[in-house]
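The values are calculated or read from the model by the stated rules, or taken from the named source; none is laboratory data. This one's a predicted model, so the numbers in the text were calculated from it and none came from an experiment. Don't worry about glycine lacking a Cβ; one is built from the backbone with ideal geometry, like all the others, and counts go over all protein chains shown. Accessible surface areas use protein heavy atoms only, side chains included; no ligands, DNA or RNA. Shrake-Rupley method; radii C 1.70, N 1.55, O 1.52, S 1.80 Å.
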Amino acid sequence: MQDNRTDLQDEKTPVESIQLEIIRRICFLDYPPGCQLKEAELAVEFGVSRTPVRDAISRIKHLGLVETRNGVGTVVTVLPRQQIEQVYEMRLQLATLIGTVSPHAITQQDLARMGALLDDAIALQAAFDARRYVELNDQLQILIADLIGNALLRSFWRQAYFQAASTWYGVASRAGDGVAASLVQEIQEMKHAMERGDIAAVGFIQRVHIGYGYNRIIEHLFAEDDTSAAPGT
């Protein structure tokens with residue numbers, strides 16, 4: 001299988017770069033729910049006109065991570081439970097397509113990136129930090145997206161990932177270092193599959209661990225919501 005991809009991370013437009021940075025800030029709770037996104041201030045920060053900032057925020061709005069409120073402006077929101085459930089249903093289905101829909105060949109650079117991620121995940125086990133956990137997950141998802149040759153599938157994969165990632169900091173903060181052990185296991189399994197050149201296995205491993213991740217959301221986020229909504233609490 002010939003790998004004719006270009007470096008996907010170097011192809012971002014200014015709008016895409018701003019979009020990714022704002023999304024990361026939302027996922028890390030640098031922009032917590034209720035935080036107002038001010039176009040003028042962001043334009044100054046990123047050194048652009050308000051137009052690319054407005055376009056980036058519009059894209060994020062389609063993900064359900066922000067909304068426009070009358071008299072307030074654009075604010076960060078929390079995905080409702082039903083939407084999170086649908087996101088994970090979609091991610092489970094998309095994962096199985098990674099190795100079957102025009103995948104890229106696995107390169108030595110991919111293996112080196114995965115090896116470095118494994119070292120970082122092992123270090124995370126020894127000194128757990130929720131923010132670092134989300135950062136490593138982000139790097140893992142970028143690597144997986146780089147293995148997807150079909151542009152439409154890659155777009156869907158990234159969109160569903162961003163929506164799922166908005167929950168990860170909260171889960172990691174509550175679950176603690178147990179999620180680090182799961183991340184090590186996930187990366188180890190994927191590294192072994194990649195060393196065999198088995199891109200289909202990469203997709204199925206992702207599917208299994210997406211399921212594990214959703215179970216943690218049920219345990220640590222949904223259960224908390226159910227408790228707070230119970231009568232008499």
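Some observations on this one:
- In segment 105-134, the qualifying residues are those that are of a type in the set (D, E, K, R), part of a helix (DSSP H, G or I) and farther than 17 Å from residue 185 by Cα, and the one that is modelled with the lowest pLDDT is 131.
- Any hit, segment 144-163, residues being over 18 Å from residue 95 (Cβ atoms) and open to solvent by less than 20 Å² (accessible area, probe 1.4 Å): no
- Of the helices (runs of 4 or more DSSP H) lying entirely inside segment 24-102, those containing at least 2 residues that are closer than 27 Å to residue 203 by Cα are 50-62, 81-95.
- Contact annotation: residue pairs with Cβ atoms under 7 Å, 6 or more positions apart or on different chains, pairing a residue in segment 84-105 that is on the phi < 0 side of the Ramachandran plot with a partner that is among the hydroxyl-bearing types (Ser, Thr, Tyr) and surrounded by 15 or more Cβ atoms within 10 Å (Cβ to Cβ), are 84/167; 88/214.
- For segment 1-23, the set of residues classified as assigned to a helix (DSSP H, G or I) and modelled with pLDDT of 80 or more consists of 14, 15, 16, 17, 18, 19, 20, 21, 22, 23, listed by residue number.
- Residue 219 closer than 24 Å to residue 93 by Cβ, acidic (Asp, Glu), modelled with pLDDT of 95 or more and out of contact with any Ser or Thr (no Cβ under 9 Å at 6 or more places or on another chain): no
- Index of the failed condition, residue 109 passing every other in (1) exposed (fewer than 13 other Cβ atoms within 10 Å of the Cβ); (2) closer than 19 Å to residue 20 by Cα: (2)
- Segment 167-224, residues that are open to solvent by 20 Å² or more (accessible area, probe 1.4 Å) and among the aromatic types (Phe, Trp, Tyr): 168, 169, 204, 212, 214
- From the options 173, 155, 182, residue that is hydroxyl-bearing (Ser, Thr, Tyr), part of a helix (DSSP H, G or I), over 27 Å from residue 17 (Cβ atoms) and free of Cβ contacts under 8 Å to residues at least 40 places away in the same chain: 182
- Scanning segment 117-145 for residues that are polar (S, T, N, Q) and under 11 Å from the mean Cα position of the chain (by Cα) gives 137, 139, 141.
- Yes/no for residue 63 being over 22 Å from residue 167 (Cα atoms), under 20 Å from the mean Cα position of the chain (by Cα) and touching a residue at least 60 places away in the same chain (Cβ under 8 Å): no
- Pick from segment 80-94, criterion closer than 24 Å to residue 30 by Cβ and more than 14 Å from the chain's Cα centre (by Cα), ranking: surrounded by the fewest Cβ atoms within 10 Å (Cβ to Cβ): 80
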